[in-house]
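Notes follow the structure.
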Amino acid sequence: MKEKPYLGITGFKTERDVKEVTDILMANGFPNEDYLPMFGFIVSKNRLNNLAVGGTRSPPAKELPFLSECTTRWTLPMMHYFTEKNETLAEQVRQLFSIGKMYDDSLCRAIQLNVAWPQLEQIGKILQEYQRMRIVMQIPAIAMEGLSVDDIARRASGYDQLVKWALIDPSGGTSKDFDIKRGLELMNALRESMPNTRIGIAGGLSGDNVKARIIQIRNGYPEKFCIDAQGKLMRDNQIIMGEAARYLQQSTSALLTQ
């Protein structure tokens, strides 16, 4: 059975932002049995080298267990992990989830791999050690470069038994708009090549456009799908709570009426 779809915001750095977004979700139909609210925490290999230092878009890694614990039981806290050292990905994931015993204490058991076509062997090692880990395979612009929709779907098929979600994300948090026409073609191709994986999209979503885009996608895609937003909800690398509220209000009014 496929995992539930999620409705996400990525870029949380403070307890206050986690709590405020939780309150907004509760005012807009959550907890809900059909969708998981996803709280995305950005982290990279560089952050693992000095746990006390944060980045422009990420909190200090030592704070990740506390921030994950601030989320409620009906949400999905998730690490969004970037590395250029793909050959040691499993070792890095072990290092990440050992911080504050995040995995062992069930504070967070989900990760989005912001890596273009991560090595299958490395994902296998992650799942061998963390059998209840839920993985998102991000499909960023660099992973799609020069490939047809069919090429991408064929390559993605090898991940179907390993990941729970596949997120088409040509933006990578830069606010670049999601191309609905090509996106729908790819979503449907991935649905065929990854029958056990829930498909999702990200890219330029905001309170101004998310409802219309959900409706457009729903008209051309037969299953529930995930969405995630970041760039257009932020200013100076901080979540703008008013923008987050509009995004959640508009998306829930569309998603929860399916």
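Throughout, read-outs are computed from the coordinates displayed, never taken from laboratory work. Just so it is clear, the model here is predicted, and its values are computed rather than measured. Because the Cβ atoms are built from the backbone with ideal geometry, glycine has one as well, and the counts that use them run over all protein chains shown.
Given the residues T75, T56, which is the only one that is hydroxyl-bearing (S, T, Y) and under 22 Å from S253 (Cα atoms)? Walk me through it before giving the result.
Numbers: T56 fails: under 22 Å from S253 (Cα atoms).
The match here is T75.
Name the residue, out of I239, I201, that is crowded, with 21+ Cβ neighbours inside 10 Å, farther than 30 Å from L147 by Cβ, β-branched (V, I, T) and touching a residue at least 12 places away in the same chain (Cβ under 8 Å). Give the derivation first.
Values: I201 fails: farther than 30 Å from L147 by Cβ.
Only one candidate passes the filter, namely I239.
Hey, among the residues in segment 217-236 that are surrounded by fewer than 16 Cβ atoms within 10 Å (Cβ to Cβ) and not basic (K, R), which one's nearest to N196 (Cα to Cα)?
It comes out as E223.
Going through segment 57-85 one residue at a time, which ones are of a type in the set (A, V, I, L, M, F, W, C) and closer than 18 Å to Y6 by Cβ? Walk me through how you get there before you give the answer.
Looking only at segment 57-85, we keep the residues that are of a type in the set (A, V, I, L, M, F, W, C), and these are 61, 64, 66-67, 70, 74, 76, 78-79, 82.
Once the filter is applied, which keeps residues that are of a type in the set (A, V, I, L, M, F, W, C) and closer than 18 Å to Y6 by Cβ, segment 57-85 yields L67, C70, W74, L76, M78, M79.
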